[in-house]
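Worksheet: one structure, shown below.
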Amino acid sequence: MPRVFLFGYYGFGNLGDELLCHYYTEIFRRYFPGFELVVLTGNKHLKTGDRQAGDGGTTYKVANRWNLWRLGRMMAPGDLLVGGGGSIFQDVTSKRSLLYYLALLRLAHRRGAAIILAGQGIGPLSAWGRKVARPVLDLAAAIGCRDQRSLLTLARMEVKAPQFYLGVVPLWDYPFPPPRPVDTIKKQRQPRIGYIIRAGENKRKDQLLVTLSSLFGNLQLITLSRADEPAAHRLAEKLGLVAPYCIRDPDTFFDLSPAFTVVLSERLHGLLLAARCHLPGIGLGADPKLHAFCHQMAWTCWTWRDSSLLLGVCAALREIVADPVSAVEKVRQQAAIMAQKGEEDRQWFINQVQAVLANR
């Protein structure tokens, strides 16, 4: 029986990445039940060969992502390696991480496995990163990008062999709970701002949070990654804010969403969750994926170096707070368009897997 190996930044406690893992495992459970699924994980508490039971009856094996020697022994001609979402082909945070993913793709190719990359954010890549990544990405049968910037990055790198596809963030197709009804927005007496934090010392971040707390009053720090929780607690104590909400599952976010008027986020999937809840959002940070998503949603996104950061964010917040019902309606309309695109992306992915496996 052919095996499907699914990889991403899985097993590290980031809510968005764990949702991506669940999303793709469910696709294989539903559409490709005859294939054995192996998920590569960084979870130190799981051993290669362990079985995991997901929602909806999904059962799959896990494998230690770092043991490339053993993964090579597990792979065989006719198998399929799938990159399921994320921003893993970049070298801003780590050159070693990029080399790992490229080594994984080369390993699969040498073992005769086909490669499909779906829902990918490509870059940023240095000149060195582009040079080492181009020939390896050319080994893929298909690459689906979640934004125009990623697709252009591949074009500038002169990656030519795979079939390209322009999509959206895969979690637009995730079966989240329904968003809050509009009447809950009208009942809010005072605006409440949710701030999804990413760990990292930043004086301008501190200044922004102090300003927002002073001007708008209700400011709530939120984390979506376990790695961000210690920093969020320290920052809340330092600035005299209430204890942060440490969210580890999407249902909790959706349960809390009616209490918020707007969400500011340093994390891509924080913006995605806000949009899926029909909450207006504002992006913060230099990461291109934040700016690409905000562009798709017609939201503002600011880097910490922007000279007009404080004035711009406060002006955007005042506009939302002045007419929250209209702001939510704009999000609802755009979210419906994005969700429809997410369904189309899923069908594209299914078609690619079917085409590859049919020829194995």
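Values as computed for the structure displayed
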| read-out | value |
| --- | --- |
| Linear extension gain, residue 307 paired with residue 1, 0.36 nm per residue minus alpha-carbon span | 104.4 nm |
| Whether the stretch 1-44 is rounded, prolate or oblate, judged on the alpha carbon gyration tensor where a/c under 1.5 counts as rounded | oblate |
| Label-point separation, residue 325 to residue 360 (7 Å along Cα→Cβ), nm | 5.4 nm |
| Distance between the stretch 106-147 and the stretch 197-255 - C-alpha centres, whole angstrom | 35 Å |
| Translational diffusion of the stretch 257-358, µm² s⁻¹ [Kirkwood Rh, Cα pairs; Stokes-Einstein; 4 °C; 1.567 mPa s] | 88 µm²/s |
| With Cα atoms, 0 to 90° folded angle of helix 309-322 axis to the chain main axis | 70 degrees |
| Contour excess over end-to-end distance, with Cα ends at residue 213 and residue 298 and 0.36 nm allotted per residue | 28.1 nm |
| Debye, to nearest 20: dipole size of the stretch 208-360, +1 on Lys, Arg Cβ, -1 on Asp, Glu Cβ | 260 debye |
| Entries in 95/289; 160/289; 205/341 that, when Cα-Cα distance is taken, lie over 27 Å | 205/341 |
| Listed peptides 294-305, 111-122 by packing density, highest first (mean Cβ within 10 Å) | 111-122, 294-305 |
| Sorted peptide list for 245-255, 33-43, criterion being average Cβ within 10 angstrom, highest first | 33-43, 245-255 |
| Relative pair counts by distance (%), Cα atoms of the stretch 183-337, 10 Å bins | 11, 45, 38, 6, 0 |
| Partnerless cysteines, meaning none of the other Cys C-beta atoms lie under 4.7 Å away, in the chain | 21, 145, 246, 277, 314 |
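The numbers here are math on the coordinates, done by the rules we state, and not lab data. Please read all numbers here as calculations on a predicted model, not as lab measurements. FYI the Cβ positions are ideal-geometry reconstructions off the backbone, even for glycines, and counts take in every protein chain you see.
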